Amino acid sequence: MPAPERARRARDSHATATGKGFLIKLFLMMLIDALGVYILLSAWAANQTTLLVVMALILIAINVVYFSKRMLPMKYLVPGLVFLLIYQVFVVGYTGFVAFTNYGDGHNSDKADAITAILAQNQRRVEGSAAMPLQVVEKGSKLGFAVIDENTVKVGSADQPLTEAPKAKVEGGRITDVPGWDVLAVGDVLARQKEVTDLKVPVSDDPNDGAIGTQDAMTGYAYVPQMQYDAASDTLTDTSDGKVYRPNSNGNFEAEDGTVLPTGWRVFTGVENFTTAFGDARYSGPFLKVLVWTFAFAFLSVASTFFLGLFFAIVMNDERMKGRKIYRTLMLLPYAFPAFLSALLFKGMLNTDFGFINQTLLGGAGIEWLNDPWLAKLSILAVNLWMGFPYMFLICTGALQAIPDDVIEAATMDGASRLRTFTSVTMPLLLVAVAPLLISSFAFNFNNFNLVYMLTGGGPRFTDTSAPVGATDILISMVYSVAGLDGGAAKNYGLASALSIIIFLIVATISVISFKKTRSLEEIN
C-alpha cells in the first residue's frame, strides 16, 4: 500500500476514534450537568445560597476543564479534587462551624422558624367556634386533616396549610376520598390516637391565623396561638397570663422571671462547647477517662495485632514448614468476614447467661464479660485482636519476603545470631515498609466505632455521671452518644462537633509526629 494511502487511512481512523471519544465525553458531561442542575434547583428551592454558589462554581469548573484542550492534567485531578472538597474539606469545615454554635434539640433552625414553631405548639381552642366535619388522612407517613368548611373540602398537614381539594368525594356528610391522600380507617386512627389529637393543621401560611385540631378524629375546631408575636418589639406575649418573652443570648425567648421557652434557634456560642467538654463536671471527668482509654485501646490494638501477625508471618515464611498455603488461607479467614458481623457474633458468644464461652467452654460459669468494666475492655481488645491480626499477617508476610536474602546471609556470615539478625537487620527493614501502615492502623483504631458500638455499645455505663458514656467508650463513640444519635439523650450537635474537632486535632498531631519519626527509618533502606 502506498505511503500516502496509509497516512490517509491513519488520519481517518484517528478522526473516527476522536469523534467517538468526544461523543462519549459529551454524553457523560450531559449526565453530570443534569445532576448538577438538579442540585442547583434543589438548593434554590431550599434557599441554600452557599450550596447554590459552591455547586455552580464546581459545575462551571468541570465543564471548562473537560471541554478545554489545554488542561489535560486537570482532567485527571478534578474528580479527586471534587470528592476531596465535598467529603473532606466541606465536612471538616461544617463540623468546625457547628462546634461554635448551640445546634441541637431545641435549636435546630433559625429564629423565624423558631417563632413559627412556638406559635404552632402553643394553641388554644376558640370558644364557640363552629364544628367542622373532619377526616384523618395520610400521605406517606405524614398525617393530615381533611375538613368540610362551608361546603368546601380542604386538606392539609402540620407543615402544609389547608388548601381546597375540589375533587374530593363527600357521602352523607362524610369525606370518603381525597385525591393524593389515603383516608384512614377507624382502627388506624385509634392506633395513632395521640398523634391525631396532638396534630394541628394551620389554616394559612400565617401562624397567627390559627389552626384546626380535633379531640375525637371526627370533628374539627378552630385553634388560635396562645402566644402573640410582635415584630416591632421582637417579643412573644402569652395571652393567657400576659407574660412577655424576649430573645436572650442563648437563642431562646426568656421572661423576666427566668422562664425560658424550650424551642429556640441556632446562635454563635464561641468556645462554650469546648469549655463544656473540659470544664463541665458531667463531661470533663468522663472525657478524660475516655481519652486515656482511647489511647490505650488504639496502642494495645496495634501492638497486639502487629506482634501476633508478625509471629505468624515469621512462622509461615519458613520454607521448612509444610502446608504453608493452607495455613495462610486459614489465617485470613477472620479478615474475610465483615467486621460488624464478627463483633455481633462475639457479643453473643460472650453473653453471661447463654454465651458459648461461659456455657460450653467454661462449664456454665457466670462471668460478666461485657458487664464488668475491666473484663469488657479485655473482651474488646481480644475481639479486635481476632479481627485485626490477619491484616498485620498479610503486610508482615509481604515485607519479610521483600527483604533480600543476601542481607540476611551477610549478617549470618558476620557471626550474628538469629536474635541479633532479627533485631538489627530484619526488624528495622521490616519497619521501613510497615511503619506508615502501623500509623494508619493506630488512626483507624483510635476511631474504631463499629467494634465498640456492635460489641459493648460503650458499656457498662459510668455510674458517677449523667452523661451517656461508658467504660469501653472511645472518643468517637462518646461523640455519637453526646450527639444523641443513639436515642439515649437530647441531641447536642454543637458539643459533639467540638469533640470531633478535638479528635481530629489529636489524630492529626500524632500522625504528623509519627511520620516525622519514621523518616529516620528510611536511611536504613
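The values are calculated or read from the model by the stated rules, or taken from the named source; none is laboratory data. Everything numeric in this text was worked out from a predicted model, so none of it was measured. Here the Cβ positions follow ideal geometry from the backbone for every residue, glycine too, while neighbour counts run over all protein chains shown. Heads up: the accessible areas ignore ligands, DNA and RNA and are worked out on the full protein's heavy atoms, side chains in. Shrake-Rupley method; radii C 1.70, N 1.55, O 1.52, S 1.80 Å.
Some notes on this structure:
- Residue check, residue 478 in contact with a Pro (Cβ under 8 Å, 6 or more places away or on another chain) and either in a loop (DSSP other than H, G, I, E, B) or more than 30 Å from residue 398 (Cα to Cα) (or both): yes
- When the test is whether a residue is of a type in the set (Val, Ile, Thr) and exposed (fewer than 11 other Cβ atoms within 10 Å of the Cβ), residue 302 does not pass it.
- Considering residues of region 314-342 that are exposed (fewer than 11 other Cβ atoms within 10 Å of the Cβ) and not in a helix (DSSP H, G or I) only, the residue nearest to the chain's Cα centre (by Cα): 338
- Within region 152-193, the residues that satisfy the criterion of being among the acidic types (Asp, Glu) and either surrounded by 13 or more Cβ atoms within 10 Å (Cβ to Cβ) or closer than 14 Å to residue 136 by Cα (or both) are 177, 182, 188.
- Taken over region 386-409, residues that are open to solvent by 50 Å² or more (accessible area, probe 1.4 Å) and in contact (Cβ under 8 Å) with a residue 40 or more places away in the chain amount to 4.
- Residue check, residue 274 within 30 Å of residue 445 (Cβ to Cβ) and not acidic (Asp, Glu): yes
- Flag if residue 277 is among the aliphatic types (A, V, I, L, M) and at pLDDT below 90: yes
- Residue match in region 439-455 (condition: of a type in the set (A, V, I, L, M, F, W, C) and free of Cβ contacts under 8 Å to residues at least 40 places away in the same chain): yes
- Residue 494 under 28 Å from residue 266 (Cα atoms), of a type outside the set (A, V, I, L, M) and part of a helix (DSSP H, G or I): yes
- Only residues that are part of a loop (DSSP other than H, G, I, E, B), modelled with pLDDT of 85 or more and of a type in the set (A, V, I, L, M) were counted across region 404-461, and they come to 0.
- Residue within region 209-217 that is open to solvent by 70 Å² or more (accessible area, probe 1.4 Å) and closer than 13 Å to residue 116 by Cα present: yes
- Residue that is farthest from residue 499 (Cα to Cα), among those in region 259-273 that are open to solvent by 40 Å² or more (accessible area, probe 1.4 Å) and of a type outside the set (Ser, Thr, Tyr): 260
The rows are residues; the columns are (1) surrounded by 14 or more Cβ atoms within 10 Å (Cβ to Cβ); (2) within 29 Å of the chain's Cα centre (by Cα); (3) on the phi > 0 side of the Ramachandran plot.
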{"site": "419", "(1), (2), (3)": "no, no, no"}
{"site": "424", "(1), (2), (3)": "no, no, no"}
{"site": "439", "(1), (2), (3)": "yes, yes, no"}
{"site": "499", "(1), (2), (3)": "yes, yes, no"}
{"site": "518", "(1), (2), (3)": "yes, no, no"}
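- Enumeration of residues in region 441-467 that are under 25 Å from residue 346 (Cβ atoms) and open to solvent by less than 20 Å² (accessible area, probe 1.4 Å): 441, 445, 446, 448, 451, 452, 455, 458, 459
- Within region 112-151, the residues that satisfy the criterion of being within 28 Å of residue 265 (Cβ to Cβ), open to solvent by 70 Å² or more (accessible area, probe 1.4 Å) and polar (S, T, N, Q) are 121, 141.
- Here 345, 291 are screened, and the one residue that is open to solvent by 80 Å² or more (accessible area, probe 1.4 Å) and in a helix (DSSP H, G or I) is 345.
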